[in-house]
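The values are calculated or read from the model by the stated rules, or taken from the named source; none is laboratory data. None of the values given here were measured: they were computed from a predicted structure. Positions of Cβ are backbone-derived with ideal geometry, glycine not excepted, and every protein chain shown enters the neighbour counts. What goes into the accessible areas is simple: the full protein's heavy atoms, side chains included, and nothing from ligands, DNA or RNA. Shrake-Rupley method; radii C 1.70, N 1.55, O 1.52, S 1.80 Å.
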Amino acid sequence: MNLLLTRPSQTPTRRVRWIAWLVAAQLLVALSPAGASESVDAEWCELPLNLRTEAPPFGLGPCPGVRPGAFVDIDHQAGCTLNFLFVGTGGTRYMGTAGHCAVDDGQEVVFTSGQAPVAYDSTRRRIGEFAYAVNNDDRDFALIRLDSGVEAKPQMCHFGGPTGLSDPSFTASPDVIQHFGQGLVFGQTVAARSGAGHLSQPGYHFATTAAIFGDSGSGVQLANGSAVGVLVAISPLGIVITRLAPQVERARQMLGLDSLVLQTAPQL
């Protein structure tokens, strides 16, 4: 089951306790040997705790504008991070984030224009409406259809990239991963973070790096700049990254698009 810890109705005292707990948990994960997780590969689906990482809107971190790593406010109720820029059929532009930032557990929705959650940037300026979102089993991804006239950049803050889409094939070898997120505290101090991927599944990738409320939706890249996935949760094995390639293909099919192309940028 998924345990949502970041509903806006939570009291500040309770949220502070959860933040302290999660920071401690992340430190323990980061100190654990990368190879130790391989023995629990087959047990992932039975883990009872999957901590989603959206947050109440705040938008105080760096990386302004509409680009990978920037803050996104959904209907003034949930704060998450944008991942990658895509262009669909006819030149329509989409920015990605996590699906659970917009829909409840178990849902997959293609939104009707005018009835979709609205997305705002860190200045509370409207940037578009959600076109698609899924939060179901191993799928957790959403696309925001950008309004015309909204300036958007494909390059991730601090790291640059993405240089392309990573190889979606299954691998269990360790990889250096990097992401830029708008999580509480981290977003204002160490928004650009690196870590080590230490366990892979066809739909998920696990990594040891710091993450907290507000980091949901962050685009995750390999050291070569290739886009590998989307940060969606914290688990006992580390952060949980949904693989990007199958998420994008599913979104393309659900939206009835002939193409949905990741926009690339050079590394910094």
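General remarks:
- 5 Å binning of all Cα-Cα separations within the stretch 131-268, expressed as whole percents from 0 upward: 2, 10, 20, 23, 23, 14, 6, 2, 0
- Unit Cα scatterers, Debye sum, the stretch 72-154: log10 I(q)/I(0) for q = 0.11, 0.15, 0.23, 0.24 Å⁻¹: -0.25, -0.47, -1.12, -1.22
- Amide H to amide H, with H built 1.01 Å from N, ALA233 comes under 5 Å of VAL240, counting only residues 5 or more places away or on other chains.
- Additional length obtainable on full extension of the chain from GLN115 to MET254, 0.36 nm per residue less Cα span: 48.3 nm
- Approximating the spin labels as points 7 Å out from Cα along Cα→Cβ, the LEU165-to-ASP104 distance works out to 3.2 nm.
- Distance from the Cα centroid of the stretch 94-135 to that of the stretch 228-268 is 15 Å (rounded to whole angstrom).
- For the residues ASP121, ASP175, a 1.4 Å probe over the protein chains yields an accessible-area ranking, largest first, of ASP175, ASP121.
- The stretch 86-139 - charge dipole about Cα centre, Lys and Arg +1 at Cβ, Asp and Glu -1, debye rounded to 20: 440 debye
- Taking all protein chains as shown and a probe of 1.4 angstrom, ASP75 keeps an accessible surface of around 60 Å².
- Linear extension gain, ASP75 paired with ALA192, 0.36 nm per residue minus alpha-carbon span: 39.5 nm
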